[in-house]
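Below is one structure, written out as structure tokens, with a few remarks after it.
Derivation of every value follows stated rules applied to the coordinates shown; laboratory data play no part. No experiment lies behind these values; they were computed from the predicted model shown. Cβ coordinates were reconstructed from backbone atoms using ideal geometry, including for glycine residues, and neighbour counts include every protein chain displayed.
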Amino acid sequence: MRTLIYIMTPVLILTFLFASRFVSWDRLKSVDTEAEKHLNIATQFLRKGKYHQAIKQLTQAIEIEPRYAQAYIQRGRANYHLTRYNEAIEDYTKTLSFKRYVADAHASRGDVYHALGDIPRAISDYTASIKKRKNALVMSKRAESFLETGQLDEALADYNYIIKRRPSAIAYYNRGRAYYQKLLRLPEEEETVKFALSDFDKAIELAPQFAIAYLSRGDVYNHIGQHKSKDEDYAKAIDLLTDAIENWQKDADGLLAIYLWRAVAYKKQDHNEAAETDLKNVYSLYTQFFLNKLKVSDIL
């Protein structure tokens with residue numbers, strides 16, 4: 001359902017790379033067939049979320065072909081999902097030493113550094129990836145990292161580039177967030193208010209059911225004292241999120257973010273009991289999500 005596409009922030013919709021994304025440079029060379037067999041088996045395990053088994057297969061491939069760049073980058077992905085961040089960094093760094101998958105390896109290592117909270121290194125890797133190959137997703141991640149470190153002009157420059165070449169509701173929403181952060185620092189900048197509202201307006205125009213854009217625009221209205229508009233936007237966000245919950249037909253764990261955002265919206269409207277109820281649903285869904293992951297994992 002199109003309604004549900006726009007309910008999460010880009011921070012929550014940022015996803016990792018699938019194994020099949022990587023162009024198989026190694027296949028252009030004469031790779032040992034046994035090593036390639038192990039990699040193919042590992043790819044299947046990765047798709048099923050069986051990361052321990054994937055690592056075993058990839059390690060065997062590397063033992064056969066020590067310079068098998070594709071196996072290293074795939075193993076880095078598996079280690080990342082298992083939060084074995086140091087091992088993931090080693091695998092991505094090894095991949096880079098072969099000068100293969102350079103843009104992907106830098107972007108993926110940037111994700112690891114970001115998960116570790118090392119934002120400067122994440123930015124450095126995202127930048128290296130972008131220099132090798134322009135990619136809107138990687139640029140969006142770098143912009144998000146710039147926002148986290150308070151480098152608002154740098155973040156805005158990235159979002160400007162993305163919007164110029166690939167305008168979308170999410171791109172406008174993200175730039176609106178950057179302008180809002182700037183507004184919080186420079187509250188007297190009327191031009192910044194206009195830019196923030198204009199971007200949220202555009203995001204809503206392109207995606208009328210973009211609940212979080214209404215929520216963010218409501219924050220701007222609240223900041224400048226337009227309480228009627230603020231209440232209308234918060235109420236609209238709640239209505240859209242409620243509609244998404246009532247019409248959800250996918251896995252239950254997908255409701256996590258929706259309940260969480262509705263709890264935020266309720267809290268902004270001082271509907272504290274409703275917010276607490278939604279948070280209880282979040283805790284319950286998260287517990288079930290974790291248990292389901294254990295069932296399909298090879299960790300036990």
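I'd like the FRET efficiency for residue 166 and residue 191, computed as 1/(1 + (r/R0)^6) with the beta carbon distance as r and R0 of 30 Å, rounded to 0.05.
0.75
When the Debye formula is applied to the Cα atoms of region 181-277, each taken as the same point scatterer, what base-10 log of I(q)/I(0) results at q = 0.24 Å⁻¹?
-1.23
Can you divide the C-alpha Rg of the chain by 2.2 N^0.38 Å and report the result to two decimal places?
This ratio for the chain stands at 1.13.
Determine the dipole magnitude for region 34-114: charges of +1 sit on the beta-carbon of Lys and Arg, -1 on that of Asp and Glu, nothing else is charged, the reference point is the Cα centre, and the result goes in debye to the nearest 20.
Computed charge dipole of region 34-114: roughly 180 debye.
Considering only Cα-Cα distances, which of the following residue pairs are longer than 23 Å: 164/236; 56/132; 37/94?
Beyond 23 Å between Cα atoms: 164/236; 56/132.
Any idea how far the Cα center of region 27-106 sits from the one of region 254-281, in Å?
40 Å
Taking a ≥ b ≥ c as the square roots of the eigenvalues of the Cα gyration tensor of region 101-169, is the shape rounded (a/c under 1.5), prolate (a/b larger than b/c) or oblate? Show your work: numbers first, answer last.
Numbers: a/c = 2.13, a/b = 1.21, b/c = 1.76.
It is oblate, given that a/c is not under 1.5 and a/b is not larger than b/c.
Please tell me the relative contact order of the chain in percent, rounded to the nearest whole number, where contacts are Cα pairs under 8 Å and at least six residues apart.
Averaging sequence separation for qualifying contacts and normalising by length gives 13 percent for the chain.
Helix-derived [θ] at 222 nm for the chain: sum -39500 (n - 2.57) over DSSP H runs of at least 4, divide by residue count, nearest 500?
My calculation for the chain gives -24000 deg cm²/dmol from helical runs alone.
Dipole size in debye (nearest 20) for the chain around its Cα centre, Lys and Arg Cβ +1, Asp and Glu Cβ -1?
Roughly 1200 debye, rounded to the nearest 20.
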